[in-house]
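What follows is one structure encoded as C-alpha cells, with my remarks underneath.
The values are calculated or read from the model by the stated rules, or taken from the named source; none is laboratory data. These numbers come from a predicted model, not from an experiment. Methodologically, a virtual Cβ is constructed for each residue, glycine included, from the backbone with ideal geometry; neighbour enumeration extends over all protein chains shown.
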C-alpha cells in the first residue's frame, strides 16, 4: 500500500534533483524512497555542506605554494604534477 508524502523544498532544488534522477534513469520518487529506507534502516541522518574541505596537508601545500609564488620562487609552467612537486620541495 502506498501513500502520498508532501514535502516542502526549494523549487530550484526539486528541479535539479528531478533532472539528476532523470539522467540516471529513475523517477525522483525512487530517489526519495531510497533515502527514506536508508534513514529507517540506519536511524541516522548525515548532513554536509556543499563546500569541500581541504585536508590540513593540502592547506599547507597551498600556503607554501602561495608564499613561494609571492616571492617569485616558482618556475613554470610544468609538464606534470610530479615536476611541480619536485620544484616545491627544493
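Could you pull out the residue among 84, 47, 39 that is closer than 30 Å to residue 13 by Cβ and more than 17 Å from the chain's Cα centre (by Cα)?
39
Have a look at 74, 28 and point out the one that is surrounded by 11 or more Cβ atoms within 10 Å (Cβ to Cβ) and at pLDDT below 90.
Result: 74 is the single residue among 74, 28 that is surrounded by 11 or more Cβ atoms within 10 Å (Cβ to Cβ) and at pLDDT below 90.
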